[in-house]
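These notes concern the structure reproduced below.
Coordinate-derived values only; no laboratory data. Predicted model only: the values in this text are computed from it and were never measured. So basically every Cβ, Gly included, is an ideal-geometry build from the backbone, and we count neighbours across all protein chains shown.
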Amino acid sequence: MAEVMDKRSFYIDGAWVAPAAPRDLEVIDPSTEEPVAVISLGDQADTDRAVAAAKRAFPAWAATPPAERLALVEKILEIYERRAPDMARAITLEMGAPTDMSLGDQVDSGSYHIRNFITAFRDFRFVRPLGDHAPTSNVAWEPVGVVGLITPWNWPMNQVTLKVIPALLAGDTSVLKPSEIAPLSSMVFAEILDEAGVPAGVFNLVNGDGQGVGSQLSVHPDVEMISFTGSTRAGIAISKAAADSLKKVCLELGGKGANLVFADADDKAVVRGARHCFYNSGQSCNAPTRMLVERSAYDRAVEIAAKVANETAVASAHQPGRHIGPVVSKQQWDKIQGLIQAGIDEGARLVAGGTGLPEGVNRGYFVRPTVFADVTNDMTIAQQEIFGPVLSIIPFDSEEEAVRIANDTPYGLTNYVQSQDGARRNRVARQLRSGMVEMNGVSRGAGSAFGGVKMSGRAREGGVMGLEEFMDSKAISGWDTDA
């Protein structure tokens, strides 16, 4: 059994400090079900201490020239890339991303966002004219203040960099509460910021759970903004908690993405969609978990998706290779098993996978890549976010029906369209109710905003919009254009 790391400290006011009172929690390796570290869950005293440090640091940090803030973030990127192996190991241990995927995708998502923010910030104008019609009216973009950042376990650095970096660039000071299930990567990130020379109090990290530190940040009178990524249920609770202090609240929540596969889609569309669904063991809010297939191509699509599932290897995150690893926890595993069983009970046709552990596995939170055919959109598996490697396939007969089924969900994060007909793609994309639409396997461009509508929340993260999210705008009239 590996040595259990002591990670009980918090990063507050530029130093690693002991919690006000010990509240130990073990971090479990989902590949082995064994503890790999022990952290402490913070309490009100720890939250208050971190917020006070951020509040003290805010005036000086907000007044720092943008060029200095940019240089600091460039330094952070340099250290982040040097420490990529440490970061990848932390992510593999805490949430079960396989070794190669952890280094290649999980860690790289962080450097990708940092680079995109640097690019967006270089051209960012903090004071800009309203327009030619109003030559003395300007719009100024100014930091919000102390921001509380609450991040999930499924893409730790993707989400941490989408919040911490724009907060730093905007001139905000922050308190980060990473997921208590997967806190180790954020502690490495705090070490990176410390080495880069982020001034004391500008960035703080307090571990804790949603009921504790998360709720405390949400109601804290000195926190001006909450940026949260996680479940829709928790996002609703945060919105209610933050209402009394009228904070700015930015939510990036769940999804139930529809992948519309028309009969004229390219040969690899179904393979691409199924692989994307199973990627990261299905633990992505933007996963295309509902595959809607035009009737004439339906039987073939079901066959292909089942083949992809059967060929998707499941193994320990500590092994190299292109397999998928475990899901993050026993709680998640139990939830996914219950939803797979619900699919069976409600009459969907199981064509691959199913309940239980994969063959040859006797420990770890591993889920069999699962495909259901003949799903109707009112079934539990079509409406609830499963957050596991489970694909639901639904037939459709017309473009109008496909759009109706796709939009018949409480969520609205990412939808996908597969067709060789460009006019149809454009038409359908405009009718889909979601914050993002990806077509024919083409990724969104660097600096595109990530976010949704409806119960997926309405945050916009990344690029210029992601910078503006961490600022308030101020309209100024009578501006002296000669000064």
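Would you mind checking region 219-238 for residues with the amide N under 16 Å from a putative spin-label position 7 Å along Cα→C-beta of Ser245? Residues passing the 16 Å test: 219-228, 237-238. In this simple spin-label approximation, Val453 and Lys307 carry label points 7 Å from Cα along the Cα→Cβ vector, and these lie 3.7 nm apart. Phi-derived couplings, Karplus 6.51 cos²θ - 1.76 cosθ + 1.60 at θ = phi - 60°, listed residue by residue for region 184-191: 5, 5, 5, 6, 5, 4, 4, 4 Hz, with x used for Gly and Pro.
Residues of region 92-118 with an amide N closer than 17 Å to a point placed 7 Å from the Cα of Glu34 along the Cα-to-Cβ direction: 92-96.
Please find the FRET efficiency linking Asp266 to Asp374, where r is the Cβ-Cβ separation and R0 is fixed at 35 Å, and quote it to the nearest 0.05.
Numbers: r = 24 Å, r/R0 = 0.70.
My answer for the efficiency is 0.90.
Scalar couplings 3J(HN,Hα) for region 64-70, obtained by applying the Karplus form with A = 6.51, B = -1.76, C = 1.60 to θ = phi - 60°, are 5, x, x, 4, 6, 5, 5 Hz; x denotes Gly and Pro.
The helix-only estimate of mean residue ellipticity at 222 nm for the chain, built from DSSP H runs of length n ≥ 4 each weighted as -39500 (n - 2.57), is -11500 deg cm²/dmol after division by the residue total. What FRET efficiency, computed as 1/(1 + (r/R0)^6) with R0 = 35 Å and r the Cβ-Cβ distance, is obtained for Arg56 and Ser473, rounded to the nearest 0.05? Efficiency, from the Cβ-Cβ distance: 0.85.
Computed over Cα pairs, the Kirkwood radius of region 89-213 leads via Stokes-Einstein (1.567 mPa s, 4 °C) to a diffusion coefficient of 81 µm² per second. The spacing between region 312-355 and region 203-261, judged by their C-alpha centroids, is 28 Å. On a 0 to 90° scale, report how tilted helix 422-431 is relative to the longest principal axis of the chain, with both axes built from alpha carbons and the result rounded to the nearest 10. Roughly 60 degrees, rounded to the nearest 10. Taking amide hydrogens as placed 1.01 Å from N in the peptide plane, the amide H of Ala20 sits under 5 Å from those of Asp43, Asp46, each at least 5 positions away in sequence or on another chain.
What whole number of Å gives the distance from the Cα centroid of region 371-423 to the Cα centroid of region 70-128? A separation of 32 Å, based on Cα centres.
The trypsin sites (Lys or Arg not before Pro) of region 101-157 meeting both criteria, a DSSP state outside H, G, I, E and B (loop) and at most 11 other C-beta atoms within 10 angstrom of the site's C-beta, are Arg125.
Backbone N atoms of region 180-215 closer than 17 Å to the 7 Å Cα→Cβ label point of Arg122 are not found in any residue.
Sparse packing (at most 15 other Cβ atoms within 10 Å of the Cβ) combined with a DSSP loop state is found for the following chymotrypsin sites (Phe, Trp or Tyr not before Pro) in region 86-172: Phe126. Helix 269-278 and the long axis of the chain differ in direction by around 60°, with both axes built from C-alpha atoms.
Placing R0 at 25 angstrom, the Cβ-Cβ distance between Glu78 and Tyr112 gives a FRET efficiency of 0.95 after rounding to 0.05.
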